[in-house]
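A quick write-up on the structure given underneath.
The values are calculated or read from the model by the stated rules, or taken from the named source; none is laboratory data. This one's a predicted model, so the numbers in the text were calculated from it and none came from an experiment. So basically every Cβ, Gly included, is an ideal-geometry build from the backbone, and we count neighbours across all protein chains shown. Quick note on the areas: whole protein, heavy atoms, side chains included, nothing else; ligands and nucleic acids left out. Shrake-Rupley method; radii C 1.70, N 1.55, O 1.52, S 1.80 Å.
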Amino acid sequence: MKTKKVKAFYNPPSLVLKQLGSSLLMAYLNNWWNYPGWGFKYGFRSIPVANGAWGMGCIGYPGHPVWEVTSACNLRCIHCHAVSGNAEADELTTDEGKQLIDMIASVSEFRTLVYTGGEPLVRPDIFELLRHSQQAGLANIIATNGTLIDEKMAFKLKDHGVVCNAISIDAANPDVHDMVRNKPGSFDLAIRAIEATKKAGIMLQINTTAMEYNMPHLPELIDFADNSGAGIMLMYQLVAVGRGEKIEKATLKKSANKYLSELIAKKQKTAKTIVEPVAGPQYWPYLLEKKGIKDGLGLKLAGKVFHGCAAGRGFVYVKANGDVWPCPFVEISAGNIRDLSFGEIYRNSTIFQNLRHREDLLKGACGECNYKTVCGGCRGRAHAYSGDYLEEDPRCFIRETSKHHL
């Protein structure tokens with residue numbers, strides 16, 4: 001199948017203004033003194049990673065497609081939302097994968113494609129798929145445990161259009177990381193991947209899942225990511241899905257959710273990397289409240305930049321079998337690309353339409369909240385605990401804080 005080349009992220013001036021403009025508001029709210037240095041070092045390099053997006057959500061940026069290319073994995077992490085282990089029999093074939101890539105590339109707001117799993121690098125045809133999406137005009141991102149990336153692999157990834165390696169680290173303490181990953185030595189292999197990524201000139205991102213097991217280690221871990229040369233750090237919260245459902249006691253309660261927002265904001269002031277929350281959209285109203293922005297024009301303007309929960313609102317997650325979900329934590333299929341085109345599912349399905357217009361549909365405290373545009377609550381947590389993706393977020397601490405202030 002011959003792929004038509006399309007133009008991708010080739011308008012630097014406008015993209016720089018859009019992307020750096022989004023981070024500028026976050027820098028102002030956090031008193032992020034190292035922001036100019038970050039912008040100089042990573043600003044241009046982050047453009048293909050976030051496709052010149054305007055705005056920040058709870059999992060990166062708008063226009064953010066992620067494909068779980070396989071359920072196969074060489075690790076058995078205790079918190080894996082995909083319950084990875086062996087490849088499933090119904091995973092998309094190479095040709096079906098290429099068709100999916102072409103369908104994603106045809107959606108104008110999508111100029112990147114994140115490959116995840118499982119462990120994407122164990123899929124036998126991964127480089128054929130990466131080359132295809134590179135030729136389709138998409139910037140490739142690999143979300144990986146890092147255990148398979150040595151220097152040779154890193155340069156091969158770069159040659160196949162990979163602009164960012166998102167490597168998972170659960171603690172700067174090797175014993176804690178290896179315990180979470182269920183494999184001794186996995187920390188050392190992840191460090192090897194970090195060094196290889198930097199040597200190849202690929203942007204480094206550190207992904208972390210915050211849970212009760214590693215909460216005491218998170219301050220040190222943020223410092224580790226900062227000192228490792230990461231341009232981006234995504235701080236996930238454990239959501240009770242996949243294997244995480246079996247360790248529900250490890251999910252963060254309201255007080256821990258608040259502590260995590262406070263910790264990120266505190267560290268961001270002096271950090272050289274940008275730290276963003278995932279499954280913790282309360283971070284954005286938390287920052288606004290610190291500056292006294294609770295309503296009026298300030299909140300309205302902030303809503304243009306902070307999109308809160310990104311599920312179905314620019315973020316889309318494709319399972320290994322072709323099912324299309326609004327988020328890896330909202331375990332509801334809006335359709336399968338074997339039956340309907342990706343674009344039709346993304347644009348027209350009821351689930352995606354509801355999430356795009358959530359302000360009028362959210363229930364409980366989230367429906368009554370002043371911050372439903374900039375936050376909207378974690379739809380994954382809402383669904384995990386109530387079975388309804390439009391219900392209130394049971395781990396939100398903002399409503400109580402807001403009432404206290406008012």
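Quick one: grab the alpha carbon gyration tensor of the stretch 58-99, order the square roots of its eigenvalues as a ≥ b ≥ c, and give me rounded if a/c is under 1.5, else prolate or oblate depending on whether a/b is larger than b/c.
oblate
I want to verify the translational diffusion coefficient of the stretch 335-382 in µm²/s; compute it with Stokes-Einstein, Rh as the Kirkwood radius over Cα pairs, at 25 °C and 0.890 mPa s.
Calculated translational D: 205 µm²/s.
Mind telling me which of Asn145, Asn207, Asn354 comes out most flexible in a GNM of the chain, alpha-carbon contacts under 10 Å?
Evaluated over the chain, the most mobile residue of the options is Asn354.
Once you list every other residue whose beta carbon is under 11 Å from the beta carbon of Leu204, what net charge do they have if Lys and Arg are +1 and Asp and Glu are -1?
Summing Lys/Arg as +1 and Asp/Glu as -1 gives +2.
Find the relative contact order for the chain and round it to a whole percent, using C-alpha pairs within less than 8 Å whose residues are 6+ positions apart.
18
Can you order the peptides 390-398, 147-155 by their average number of other Cβ atoms within 10 Å per residue, highest first?
390-398, 147-155
Which order do peptides 130-140, 38-48 fall in by mean Cβ count within 10 Å, highest first?
Highest mean packing first, the order is 130-140, 38-48.
Give the relative contact order (percent, whole number) for the stretch 166-205; include only Cα pairs under 8 Å separated by 6+ residues.
39
Need one number: nm distance between label points at Asp295 and Tyr28, each 7 Å from Cα along Cα→Cβ, rounded to one decimal.
Reported label-point gap for Asp295 and Tyr28 is 2.2 nm.
Build a GNM of the chain with springs between Cα atoms under 10 Å: which of Ile59, Ile293, Ile104 gets the top mean-square fluctuation?
Ranking Ile59, Ile293, Ile104 by mean-square fluctuation puts Ile293 first.
To the nearest 500 deg cm²/dmol, what mean residue ellipticity at 222 nm is calculated for the chain from DSSP H runs of n ≥ 4 alone, each contributing -39,500 (n - 2.57), summed and divided by the residues?
-11500 deg cm²/dmol
Keeping all protein chains in place and using 1.4 angstrom, which order do Glu276, Glu359 fall into by accessible surface area, from largest down?
If we order Glu276, Glu359 from most to least accessible, we get Glu359, Glu276.
Assuming a ≥ b ≥ c are the square roots of the Cα gyration tensor eigenvalues, decide whether the stretch 154-243 counts as rounded (a/c under 1.5), prolate (otherwise, with a/b larger than b/c) or oblate.
It comes out prolate by the Cα gyration axes.
First select every other residue whose beta carbon is under 11 angstrom from the beta carbon of Met153; then total the charges, Lys and Arg +1, Asp and Glu -1.
That sum, taken over residues with Cβ under 11 Å, equals +1.
Straight-line reach from Lys363: which aspartates and glutamates have Cα under 12 Å away, leaving out those fewer than 8 places along the same chain?
Asp388, Glu391, Glu392, Asp393
Can you spot the aspartates and glutamates whose alpha carbon is less than 17 Å from Lys300's alpha carbon? Ignore those fewer than 8 places along the same chain.
Glu289, Glu359, Asp360, Glu368
Roughly speaking, what is the stretch gain from Thr270 to Arg131, that is 0.36 nm per residue apart minus the C-alpha to C-alpha distance, in nm to one decimal?
Extra length available between Thr270 and Arg131 comes to 46.2 nm.
Nearest 5 is fine: what % of DSSP beta bridges in the stretch 148-300 come out antiparallel, could you say?
If we restrict to bridges inside the stretch 148-300, about 0 percent are antiparallel.
Take the chain, connect every pair of alpha-carbon atoms lying under 10 Å apart with a spring to form a Gaussian network, then pick out the residue of Ala143, Ala382, Ala365 with the largest mean-square fluctuation.
Ala365
Which aspartates and glutamates, on any chain, are close to Lys199 with Cα under 18 Å apart, when same-chain ones fewer than 8 places away are left out?
Filter leaves Asp150, Glu151, Asp159, Asp188, Asp226.
What ranking, highest mean first, results for peptides 335-344, 171-180, 317-326 when packing means the other Cβ atoms within 10 Å averaged over each residue?
So the peptides 335-344, 171-180, 317-326, ranked by packing, come out 317-326, 171-180, 335-344.
Say each of Thr350 and Phe155 gets a label point 7 Å from the Cα, pointing the same way as Cα to Cβ; how far apart are those two points in nm?
5.4
Calculate what fraction, in whole %, of the accessible area of the stretch 129-270 sits on carbon and sulfur atoms when a 1.4 Å probe is rolled over the protein chains.
Carbon with sulfur: 51 percent of the solvent-accessible area.
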